[in-house]
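The values are calculated or read from the model by the stated rules, or taken from the named source; none is laboratory data. Just so it is clear, the model here is predicted, and its values are computed rather than measured. Every residue, glycine as well, gets a Cβ built from its backbone with ideal geometry; the counts of neighbours run over all protein chains shown. Remember, those area values only see protein heavy atoms, side chains included, never the ligands or the DNA or RNA. Shrake-Rupley method; radii C 1.70, N 1.55, O 1.52, S 1.80 Å.
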Amino acid sequence: MMKISIIIPIYNVQDYVERCINSVISQESNDFELECILVDDCSSDHSMEIAQKIICNYTGSIKFVFLSHDHNRGASAARNTGIEAAVGDFIFFVDSDDRLENGSLKYLVDGLNVQQSPQSIDVIMGNMQLCMDGKPASDMDQIILYDNSEGEALRKILTREIYHTPCNKLVRCSVLRENKAYFEESIIDEDLLWSYFVFLYSRNVLVMPKITYIYEDIPGSVMHTTSKRLAQLIRSRIVIVNRIMDVPPSFSCPEYYTYLFYVLARAVNLYEMNRNDFADVKEDLNLTKLRLMNETRRQGYCLLYAFFYTMIPPLYYITKFRFYRRYFDRILRQLVIWEKFLLNNTSKSPNKEL
């Protein structure tokens, strides 16, 4: 029987943790074994007391495991702690202020079991409702199986057609452990890095249309946060781009470069808006921009290479136009189409040795 390990980092969520755990309890099923790992990241409120009270009164078949850190290390570290302790065939991340729809895991498992080769599927994901705007994360209306042998699923992550958050995905535990696909600690937006490696190493990905996860978090605007955190965000994006460039796909993929540009462009924008505050990241940021542009040019993606000059003044100021900001994603997608068209018609394949 399949085993599933749910991992929930806990940190100062006393107003939400009961709802979250009760939604996990609603997943109980005779079709699979379920454990739930609660990782206390040194909460200073009553989160763990509430969780322990619920579990003490629970008499079902779900096995609950309590783990704790000796100091606050962040959600990434808590997830990594859970991965190391998990005994399940699949891992499923839940944020403690979110909740699952009733029967979500059974729906995902049933979808896996009806596939012709379920053993070759490494990720199964449902749809997600975003409570901040009341909309689902995807408007798909049918089950789709992505064959990732040539990067079909990876391209969906790179073009952000599939959400990159780790929650609401059944991920085969062996994919994470064998490829050391853990979460980078002490950075912001670590999901961008983690999802790239998961989809790079996964064989096939099953995407199902039903909403299985309610995403309750309402993030604050990064523009209203501290200068220290903005600097951390810039540094984090630099780390993410370089880590990804260290392990590129083995096949031609212009989407890979537009994804790196998407990640880095945010750091460039924050830096250009606050040059005096972030002088210490200038050198690393410039080196990362140069690395991305050189690799893009070396692969033969001339249009992308030219467009990436918008990261460098004075062309950077083009990004201030409303048209650019509004159609940013559409521009990147169109550039990918044109690059593929040019490469196919000139019969020139990019050098795959990065």
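General remarks:
- Any hit, the range 218-225, residues being at pLDDT below 95, touching a strand residue (DSSP E or B) at 6+ places or on another chain (Cβ under 8 Å), under 22 Å from PHE93 (Cβ atoms) and not in a strand (DSSP E or B): no
- Counting the residues of the range 161-174 that are farther than 24 Å from SER96 by Cβ and either outside any loop (DSSP other than H, G, I, E, B) or open to solvent by less than 10 Å² (accessible area, probe 1.4 Å) (or both) gives 1.
- SER195 of a type in the set (S, T, N, Q), modelled with pLDDT of 95 or more and under 17 Å from SER250 (Cβ atoms): no
- Candidate set from the range 258-289 (those that are touching a Leu at 6+ places or on another chain (Cβ under 8 Å) and assigned to a loop (DSSP other than H, G, I, E, B)); member that is nearest to ILE188 (Cα to Cα): PHE278
- Condition met for GLU255 (part of a helix (DSSP H, G or I), open to solvent by less than 20 Å² (accessible area, probe 1.4 Å) and farther than 24 Å from GLU185 by Cβ): yes
- Residue ID - nearest to ASN80 (Cα to Cα), chosen from residues in the range 9-57 that are among the small types (Gly, Ala, Ser) and in a loop (DSSP other than H, G, I, E, B): SER43
- Search result, residues across the range 240-276 that are under 15 Å from the mean Cα position of the chain (by Cα) and aliphatic (A, V, I, L, M): ILE240, VAL241, ILE244, LEU260, VAL263
- Within the range 47-94, the set of residues being within 26 Å of the chain's Cα centre (by Cα), open to solvent by 40 Å² or more (accessible area, probe 1.4 Å) and closer than 15 Å to VAL24 by Cβ comprises just one member, PHE66.
- Subset tally (residues that are open to solvent by less than 70 Å² (accessible area, probe 1.4 Å), in contact with a Leu (Cβ under 8 Å, 6 or more places away or on another chain) and of a type outside the set (Gly, Ala, Ser)) for the range 22-46: 8
- Identification of helices (runs of 4 or more DSSP H) wholly contained in the range 301-354 with 2 or more residues that are at pLDDT below 90 and open to solvent by 50 Å² or more (accessible area, probe 1.4 Å) yields 328-346.
- Filter result for VAL114 (in contact (Cβ under 8 Å) with a residue 12 or more places away in the chain and of a type in the set (Val, Ile, Thr)): no
- Residue in the range 142-156 that is among the hydrophobic types (A, V, I, L, M, F, W, C), touching a residue at least 40 places away in the same chain (Cβ under 8 Å) and either within 20 Å of GLU35 (Cβ to Cβ) or in a helix (DSSP H, G or I) (or both) present: yes
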